[in-house]
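Let me begin by presenting the structure, written as structure tokens, before commenting on it.
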Amino acid sequence: MRWHGETLVGFDLETTGTEPLEARIVTAAVVEMRGGETHARKEWLADPGVRIPAQASAIHGISNERAAGEGRPAREVADEIADALAGYWTRGVPVVAYNAAFDLTLLTAELRRYGLPSLRERLGGAPIGPVVDPYTIDRAVDRYRRGKRNLEAVCAEYGVVLDGAHEAAADAQAAVRVACAIAERHAAVAVLTPGELHKRQVEWYAAWATDFQQFLRRKGTPDAVVDPVWPLREPEPSVEPVAS
């Protein structure tokens, strides 16, 4: 059976902002799926330890009052999410995340912030993965399609129903269904093993980043830099963990 017919795990974060090395986790979901159906899921609400900007609350609907009153300590949440993902990778189960470079970089930054073991350390030093990122794959296999590439738009393109956009569990489920729909439409994606697909995404993301950086510089931002690293960027070593 091809990878999109096997067990897949959707992963999504809703956060305080859009810079993954600085933003904090507000809500999270890890959803185990097979054949498009959900078999298990775990959700978290965190107290991020900082104020949630109004623009972020307007997107995911979590207020500062709710996060402080009902959320669990961010350190515990980050630790449990990382354990869940590492557990699936240890079993060889692919983790699906839409725009994985954001979510996994942010989680990695949170782990370092609280002095917790990294994802790689939880895997005994092995690289993380396999990761399946429908955002990266769709840009590579349908490069010239016009229109937006956010989750809502790509769900519409592939006929995936997204109920409750920017709710972590709903977005995680939709990411898995979009990944499967892309594989159904593009045989060249479907025939790859999860490990092969992971390696291709590293290449596809780097190629996109190079092209986009060149575009920005041509359009008047001569110092633009687009990081080519996927599926995550490591925090700078100079960043000191906060006290636990």
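The values are calculated or read from the model by the stated rules, or taken from the named source; none is laboratory data. Worth saying up front: this structure is predicted, and the values here are computed from it rather than measured. Because the Cβ atoms are built from the backbone with ideal geometry, glycine has one as well, and the counts that use them run over all protein chains shown. For accessibility, only protein heavy atoms count, side chains too; no ligands or nucleic acids. Shrake-Rupley method; radii C 1.70, N 1.55, O 1.52, S 1.80 Å.
General remarks:
- Region 163-184, subset touching a His at 6+ places or on another chain (Cβ under 9 Å) and within 21 Å of LEU45 (Cβ to Cβ), residue surrounded by the fewest Cβ atoms within 10 Å (Cβ to Cβ): HIS166
- Region 22-49, subset farther than 20 Å from TYR88 by Cβ and part of a strand (DSSP E or B), residue nearest to the chain's Cα centre (by Cα): VAL26
- Pairs, first closer than 16 Å to ALA82 by Cα and at pLDDT 95 or above in region 1-17, second open to solvent by 20 Å² or more (accessible area, probe 1.4 Å) and among the aromatic types (Phe, Trp, Tyr), C-beta under 6 Å, six or more apart: VAL9/TYR88
- Taking the listed residues ARG75, ARG24, ARG41, the one that is of a type in the set (D, E, K, R), open to solvent by 10 Å² or more (accessible area, probe 1.4 Å), within 29 Å of ARG185 (Cα to Cα) and in contact (Cβ under 8 Å) with a residue 60 or more places away in the chain is ARG41, with no other qualifying.
- Qualifying residue in region 189-198 (condition: part of a loop (DSSP other than H, G, I, E, B), among the aliphatic types (A, V, I, L, M) and over 26 Å from ILE59 (Cα atoms)): yes
- Test: residue in region 154-162 that is more than 20 Å from ALA188 (Cβ to Cβ), open to solvent by less than 30 Å² (accessible area, probe 1.4 Å), part of a helix (DSSP H, G or I) and without any contact (Cβ under 8 Å) to a residue 24 or more places away in the chain: yes
- Taking every residue in region 88-99 that is within 18 Å of LEU192 (Cβ to Cβ) and pairing it with any residue that is open to solvent by 10 Å² or more (accessible area, probe 1.4 Å) and in a loop (DSSP other than H, G, I, E, B), at least 6 positions away or on another chain, the pairs with Cβ-Cβ distances below 7 Å are TRP89/LEU123; TRP89/ILE128; TRP89/GLY129; VAL93/THR7; PRO94/PRO130.
- Which listed residue, of ILE128, ILE52, is among the β-branched types (Val, Ile, Thr), in contact (Cβ under 8 Å) with a residue 60 or more places away in the chain, part of a loop (DSSP other than H, G, I, E, B) and surrounded by 15 or more Cβ atoms within 10 Å (Cβ to Cβ): ILE128
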